[in-house]
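First comes the structure, then the notes that go with it.
The values are calculated or read from the model by the stated rules, or taken from the named source; none is laboratory data. Small disclaimer: the values here were computed from a predicted structure and weren't measured. Heads up, the Cβs are rebuilt from the backbone with ideal geometry, glycines too, and the neighbour counts pull from every protein chain shown.
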Amino acid sequence: MSGSSPGVEITGVVRDASGAPVAGAHVLFTDGPRPLPDIAALTDAEGRFSLGVPSPGSYTLMCRADPLLGPSGTAEATVRVEPGARATAAGPVRVDLTLG
């Protein structure tokens, strides 16, 4: 989901208030160092997601669960991708979101 330049991958898991993984939740960027209108992901059956970011900076992620597929709710987190980070560095940036 990243552009042609090497980026950094942000991965994580979305869980409900009881700690169970949430499938089919939408995870998207609401803020970043530049507009990111078309970068989003759906969580898999185990609540996992992966998003690529094209450049260093501070990114705000929002998660919205579909009440037709399971528990409803939203979650938000801000992730800092440091300058010089690469997709092949020490692995992806990890963030877990809990619906509230």
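Just name the residue that is surrounded by the most Cβ atoms within 10 Å (Cβ to Cβ) out of those in segment 67-100 that are closer than 26 Å to Ser18 by Cβ, among the small types (Gly, Ala, Ser) and modelled with pLDDT under 75.
Per the criteria, the residue is Gly70.
Taking segment 37-64 as the search range and keeping residues that are out of contact with any Phe, Trp or Tyr (no Cβ under 9 Å at 6 or more places or on another chain) and polar (S, T, N, Q), which one is surrounded by the fewest Cβ atoms within 10 Å (Cβ to Cβ)?
Only one residue tops the list, namely Ser58.
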